[in-house]
1. I'm trying to understand the selection: among the residues of region 173-215, which are open to solvent by 60 Å² or more (accessible area, probe 1.4 Å), among the charged types (D, E, K, R) and more than 27 Å from Ile97 (Cα to Cα)?
2. Out of the residues in region 297-330 that are surrounded by fewer than 24 Cβ atoms within 10 Å (Cβ to Cβ) and of a type in the set (Ser, Thr, Tyr), state the one that is nearest to Arg91 (Cα to Cα).
3. Cβ contacts < 6 Å: first residue under 19 Å from Ser334 (Cβ atoms) and modelled with pLDDT of 85 or more, restricted to region 54-73; second residue surrounded by 11 or more Cβ atoms within 10 Å (Cβ to Cβ) and of a type in the set (Gly, Ala, Ser), any location; separation 6+ or different chain. Result?
4. Taking the conditions exactly as written (of a type in the set (Gly, Ala, Ser) and in a loop (DSSP other than H, G, I, E, B)), does Ser299 satisfy them or not?
5. Scanning region 239-276 for residues that are among the acidic types (Asp, Glu) and either touching a Leu at 6+ places or on another chain (Cβ under 7 Å) or not in a loop (DSSP other than H, G, I, E, B) (or both), which turns out most open to solvent (accessible area, probe 1.4 Å)?
6. Looking at (1) over 30 Å from Ser222 (Cβ atoms); (2) at pLDDT 95 or above, can you tell me which one Leu159 breaks?
7. Test of understanding: among Val290, Val284, which residue is among the β-branched types (Val, Ile, Thr), surrounded by fewer than 23 Cβ atoms within 10 Å (Cβ to Cβ), in contact with a strand residue (DSSP E or B) (Cβ under 7 Å, 6 or more places away or on another chain) and more than 30 Å from Asn169 (Cα to Cα)?
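The values are calculated or read from the model by the stated rules, or taken from the named source; none is laboratory data. Bear in mind that the values here come from a model prediction, so they are computed numbers and not experimental data. No Cβ is skipped: glycine too gets one built from the backbone with ideal geometry, and neighbour counts run over all protein chains shown. All accessible areas refer to the heavy atoms of the entire protein, side chains included, with ligands and DNA or RNA removed. Shrake-Rupley method; radii C 1.70, N 1.55, O 1.52, S 1.80 Å.
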Amino acid sequence: MKNKRFFYSLVKLATVIFALLLSTVAYAKEASFSNEEYDINVYYNELAAPGDAVFVRLKFTQGSKKTKVEKSRFEATTASLELWYGEKRVRRSVFYILEQDSNKNTQTMLTGIPLSSWWNPDPIWKLTIKYKLYGEKNLEFDLPFNITTKEFDKDYIPLDDRNTKISTNTSPERVSQSEKLTRVLETINPQNIYQTTAFTPPTPATRRTSTFASRRIYKYTSGKEVTGLHYGTDYGIPTGSEVRACADGRVVMAEMRISTGWTVVIEHLPGLYSLYYHQNELKVKEGDMVKAGDLIGLSGMTGLATGPHLHWEMRLNLEAVNPDFFTKDFTFASVENK
């Protein structure tokens with residue numbers, strides 16, 4: 001903590017056990033700060049695997065009636081989360097408001113930062129929360145954080161003539177489709193908050209034919225080999241299997257694409273999207289609002305696919321994140337409400 005008031009305040013770091021959660025990360029870290037003017041409570045995952053994310057839930061509450069400020073000043077408080085590697089800032093994300101109670105003068109904020117699947121453990125990782133108190137005074141404090149070790153699968157994938165042509169397609173149409181998807185995924189709408197509880201996989205199937213962030217080598221029919229990274233999880237399911245929304249949200253893309261076939265993209269939180277590739281048929285259209293478990297399509301092998309399957313992908317602030325990360329209470333809603 002860099003601000004002197006934080007140094008001389010009551011600070012506690014305690015482990016809060018998720019009694020009702022079954023997840024790859026079984027606990028959250030809590031950091032609390034109190035003084036006569038305001039209180040700050042933070043919940044976040046202190047450890048994460050490469051390719052996962054770090055999410056921080058921040059609750060800001062004014063103190064006694066004597067120190068409360070008017071509503072407009074209180075609501076002007078903003079915050080951001082930064083991930084540092086030593087002296088280098090590598091990621092930054094702005095908090096958005098989950099809940100705001102003007103009568104009690106409390107604000108609950110949330111944000112997340114994606115972690116590269118190429119990163120490794122190192123004691124010099126840390127998180128910094130910077131906030132502008134009442135929109136006037138810049139303050140900040142640090143949170144301990146580290147990345148665990150994880151090994152990723154390696155896939156060798158020979159491509160037939162059809163898939164080789166798709167992979168090597170450099171047409172203006174494919175370039176335009178790629179640019180359109182990027183514009184969608186880099187969009188952050190602070191007000192679009194559709195679900196903050198754990199997500200559910202889009203199929204009950206358990207057979208995974210490819211895992212997230214597997215290191216791939218594609219072999220073309222010409223004999224040339226190229227390397228790549230797998231951005232999602234593949235479920236080996238027959239053509240025509242039901243594909244369901246992993247969480248509440250808004251459909252922001254539903255169309256045929258050269259590389260990913262019949263594709264659906266759903267917005268769930270600011271900067272957080274789920275993607276469903278290679279479907280045989282779509283049951284939604286752009287602009288539709290969906291609930292978790294709603295039917296959005298039927299699986300297939302359209303686009304670049306070597307067999308029938310569903311590719312499920314999650315993107316946070318444009319970067320691919322392990323979908324399994326979101327199947328737990330990644331927003332820490334159940335912990336704060338205990």
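1. Glu173, Glu179, Lys180, Arg207, Arg208
2. Applying the filter and picking the extreme gives Thr327.
3. Pairs that qualify, where the first residue is under 19 Å from Ser334 (Cβ atoms) and modelled with pLDDT of 85 or more and the partner is surrounded by 11 or more Cβ atoms within 10 Å (Cβ to Cβ) and of a type in the set (Gly, Ala, Ser), are Val54/Ala48; Phe55/Gly112.
4. Judged against the criteria, Ser299 is not a match.
5. Quick first cut of region 239-276, residues among the acidic types (Asp, Glu) only: 242, 248, 255, 267.
Next, from what is left, pick out any that are either touching a Leu at 6+ places or on another chain (Cβ under 7 Å) or not in a loop (DSSP other than H, G, I, E, B) (or both): 242, 255, 267.
Values: Glu242: 92, Glu255: 39, Glu267: 0 Å².
Within region 239-276, the match that is most open to solvent (accessible area, probe 1.4 Å) is Glu242.
6. Every listed condition holds for Leu159 apart from (1).
7. Working: Val284 fails: more than 30 Å from Asn169 (Cα to Cα).
Val290 is the lone residue from the list that is among the β-branched types (Val, Ile, Thr), surrounded by fewer than 23 Cβ atoms within 10 Å (Cβ to Cβ), in contact with a strand residue (DSSP E or B) (Cβ under 7 Å, 6 or more places away or on another chain) and more than 30 Å from Asn169 (Cα to Cα).
To keep it simple, each residue is scored yes or no on (1) modelled with pLDDT under 95; (2) basic (Lys, Arg); (3) within 14 Å of the chain's Cα centre (by Cα).
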site	(1), (2), (3)
Gln177	no, no, no
Lys180	no, yes, no
Ile188	no, no, yes
Gln195	no, no, yes
Ala198	no, no, yes
Thr203	no, no, no
Arg207	no, yes, no
